[in-house]
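Here the structure is laid out as structure tokens; the discussion comes afterwards.
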Amino acid sequence: MRLTRREAIVLGAGALLAAGCGSSRSTGAGASGSTLASTWADPRGTGTLAPAPGEPLLARTELGPVRATEGVIATLAHVTDAHVLDASSPARVPFLDRLGEPFESTFRPQETLTAQVLAGAARAVRALGPDAVIQGGDLIDNDQQNELGWALAAIHGGAVRPDSYYGVQLASDPDPFYYRPDLDAPEHPGLLSRTARPFLSVGAGVPAYHVLGDHDILVAGEIPPTAETRALALGDEALWELPRELTAPAGTPLTAGGSPDGPPLPGLVNEFLTRALAGSKVPVPRSAGRVEMDPDEVTARLGRPGPYLDYHADVGSALRVIVLDLARRGGGSGGFVRPEQPGWLASQLDEAGPRYIVAVSHQPLASSDGGDQLLALLDDHPRVIAALSGHTHRNLIEPRGRYWLISTASLIDYPQQARALRVYRTAGGGVAIQTWMLDHTAPGDLGAISRELAYLDAQGGRPQAFAGGRLDRNVTLYRTAD
């Protein structure tokens, strides 16, 4: 029998209590967030997180032997897939989650805490003190102005003022599917009120280079805003209950690129919304901040006015970061290479001179439509050392030719981590990238509660192994000379 999401969380919390273990909120795992020093683990397998020893760097030598380091080229942080969201928005579709695969990510028990988690990640980045932070896309979840305002304040620093919560997690909602923190284990009375309180984020304290994700410009990361979705977002009625006659067709395909972070293909979303919105709705408070944005507004607010977020940034004198915008304006979560992008990337590579190069995209190039063209250009350039991505919510590091493909886990699903990357010169003219994970370190207990709920989420990052293997996290990646 399939467990509801609430039942799965209750079972995990019950195991926690039966084991007599303390909550992950009782102690910290290090003020810096560096998992080299300490991290979180479930040593008894009971569903409770406790501080654990750090993970030392392991050597990966597929692209070159271990060499002594001779100087730092640059230090970066990669923070991706924060999915800061307005959990009360009438434009959200949490009811689809109960249909199961591939709809699971339309509701998460920790989703009211996304802004606090991003602020905690920014705080860990500030403690790291890098030269820059790369915000890897899907900064927000549903293309809304209020979400983007909260997210930018959290990462750059400033006051974050979430809206009051009125949604499916209220204690008054009798639906057995949704986790209610006031009533269900693990109980957190008053949590929904606390998540709506304004708070101050210290920010990352360094320049931020933004990457565009599908959720930043598309409703649910899948469809461009329409008159219907815009009216729904700004309205005073929400659909919480799935109409009984609404079922997923057998063999419903996953989103393009196998993304875990959105509902299925746009045609299915439109069909389901049309059928679902004929169902019974719940009155909810309006919010003027729920305006759904056009892509140009999003790119402008991310600091790069223009239709696309393709650009480069030189970090010091020896490293160039090249950012690629693969988001589909017409809908769909998978990456898409525009016809002009290969030529543009070739020019950026040529103009980099002797600098080392890190290419960054939201979706992995290997799973993007046309990504093979961009990979071929990176393959041919001797100074490319890494291609960073997010989107899959999974830590993964793989060698390719002379450089590394590095994917970083999300902040919304467990393990809710960012990534540090420190690039060194090595003896003999090579390069080494030391990379390790950063836990978010929000003050107080809200960040820890989010981590706990994400860990207990039966559909989330723990059962899907989003933390990756040991060699996908804290490692030194060696590369020979050009």
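Being part of a loop (DSSP other than H, G, I, E, B) and of a type in the set (Asp, Glu), is that true of even one residue in the range 314-323?
No, the range 314-323 has no match at all.
Restricting attention to the range 207-236, which residues are out of contact with any helix residue (DSSP H, G or I) (no Cβ under 6 Å at 6 or more places or on another chain), within 27 Å of Gly157 (Cβ to Cβ) and among the acidic types (Asp, Glu)?
Asp214
Hey, can you tell me all the residues within the range 312-328 that are over 13 Å from Gly213 (Cβ atoms) and either of a type in the set (Lys, Arg) or free of Cβ contacts under 8 Å to residues at least 24 places away in the same chain (or both)?
Across the range 312-328, the qualifying residue is only Arg320.
Tell me, which helices (runs of 4 or more DSSP H) wholly within the range 192-305 include 1 or more residues that are farther than 21 Å from His391 by Cβ and modelled with pLDDT of 85 or more?
The qualifying helices (runs of 4 or more DSSP H) are 227-234, 295-301.
Of the numbered conditions (1) farther than 22 Å from Thr299 by Cα; (2) in contact with a strand residue (DSSP E or B) (Cβ under 9 Å, 6 or more places away or on another chain), Ala159 satisfies every one except a single condition; which is it?
Every condition holds for Ala159 apart from (1).
Output yes when any residue across the range 175-190 is part of a loop (DSSP other than H, G, I, E, B), surrounded by 24 or more Cβ atoms within 10 Å (Cβ to Cβ) and within 21 Å of the chain's Cα centre (by Cα), and no when none is.
No: the range 175-190 contains no residue that is part of a loop (DSSP other than H, G, I, E, B), surrounded by 24 or more Cβ atoms within 10 Å (Cβ to Cβ) and within 21 Å of the chain's Cα centre (by Cα).
Quick one: how many residues across the range 313-344 are over 22 Å from Ala300 (Cα atoms) and in contact with a Pro (Cβ under 8 Å, 6 or more places away or on another chain)?
Residues that pass the stated criteria total 1.
Tally the residues that are of a type in the set (Val, Ile, Thr) and in a helix (DSSP H, G or I), restricting the search to the range 425-466.
1
If I filter the range 440-454 for residues that are farther than 27 Å from Asp184 by Cα and of a type in the set (Lys, Arg), do I get at least one hit?
no
Output the number of residues of the range 182-216 satisfying the condition of being farther than 20 Å from Pro162 by Cα and either touching a residue at least 12 places away in the same chain (Cβ under 8 Å) or touching a Cys at 6+ places or on another chain (Cβ under 6 Å) (or both).
Matching residues across the range 182-216 total 14.
Conditions (1) buried (at least 22 other Cβ atoms within 10 Å of the Cβ); (2) touching a strand residue (DSSP E or B) at 6+ places or on another chain (Cβ under 9 Å); (3) at pLDDT 95 or above, marked per residue:
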{"site": "Tyr311", "(1), (2), (3)": "no, yes, yes"}
{"site": "Asp314", "(1), (2), (3)": "no, yes, yes"}
{"site": "Arg338", "(1), (2), (3)": "no, no, yes"}
{"site": "Gln348", "(1), (2), (3)": "no, yes, yes"}
{"site": "Pro354", "(1), (2), (3)": "no, no, yes"}
{"site": "Val360", "(1), (2), (3)": "yes, yes, yes"}
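Test Asp138 against the criterion of being within 16 Å of the chain's Cα centre (by Cα), of a type in the set (Asp, Glu) and at pLDDT 95 or above, and give yes or no.
Here the answer is yes, as Asp138 does meet what is asked.
Among the residues of the range 362-383, are any assigned to a strand (DSSP E or B) and out of contact with any helix residue (DSSP H, G or I) (no Cβ under 9 Å at 6 or more places or on another chain)?
no
Of everything in the range 458-482 that's of a type in the set (Lys, Arg) and modelled with pLDDT of 95 or more, which residue is surrounded by the fewest Cβ atoms within 10 Å (Cβ to Cβ)?
That would be Arg470.
Name the residues in the range 425-457 that are surrounded by fewer than 22 Cβ atoms within 10 Å (Cβ to Cβ) and either within 18 Å of the chain's Cα centre (by Cα) or of a type in the set (S, T, N, Q) (or both), would you?
Answer for the range 425-457, where residues must be surrounded by fewer than 22 Cβ atoms within 10 Å (Cβ to Cβ) and either within 18 Å of the chain's Cα centre (by Cα) or of a type in the set (S, T, N, Q) (or both): Thr426, Gln434.
In the range 163-181, is there at least one residue being touching a residue at least 60 places away in the same chain (Cβ under 8 Å), of a type in the set (Phe, Trp, Tyr) and in contact with a strand residue (DSSP E or B) (Cβ under 7 Å, 6 or more places away or on another chain)?
no
Just need a number here: residues in the range 126-149 that are buried (at least 22 other Cβ atoms within 10 Å of the Cβ) and assigned to a strand (DSSP E or B).
Summing the residues that are buried (at least 22 other Cβ atoms within 10 Å of the Cβ) and assigned to a strand (DSSP E or B) in the range 126-149 gives 5.
Could you give me the residue pairs with C-beta distances under 8 Å whose first residue belongs to the range 421-437 and is under 18 Å from Ala132 (Cβ atoms) and of a type in the set (Asp, Glu), whose second residue is modelled with pLDDT under 95 and part of a strand (DSSP E or B) wherever it lies, and which are 6+ apart or on separate chains?
Sorted first by the residue in the range 421-437, then by its partner, the list stays empty.
Determine, yes or no, whether Ser389 is surrounded by fewer than 24 Cβ atoms within 10 Å (Cβ to Cβ) and either of a type in the set (Lys, Arg) or at pLDDT 95 or above (or both).
No; evaluated as a whole, the condition is false for this residue.
For the range 318-334, name all the residues that are at pLDDT 95 or above and of a type in the set (Gly, Ala, Ser).
Hits for the range 318-334 are Ala318, Ala327.
The values are calculated or read from the model by the stated rules, or taken from the named source; none is laboratory data. What you see is a predicted model, and the numbers here were worked out from it, not measured in a lab. A quick note on method: Cβ atoms are made from the backbone with ideal geometry, for glycine too, and the neighbour counts reach across all protein chains shown.
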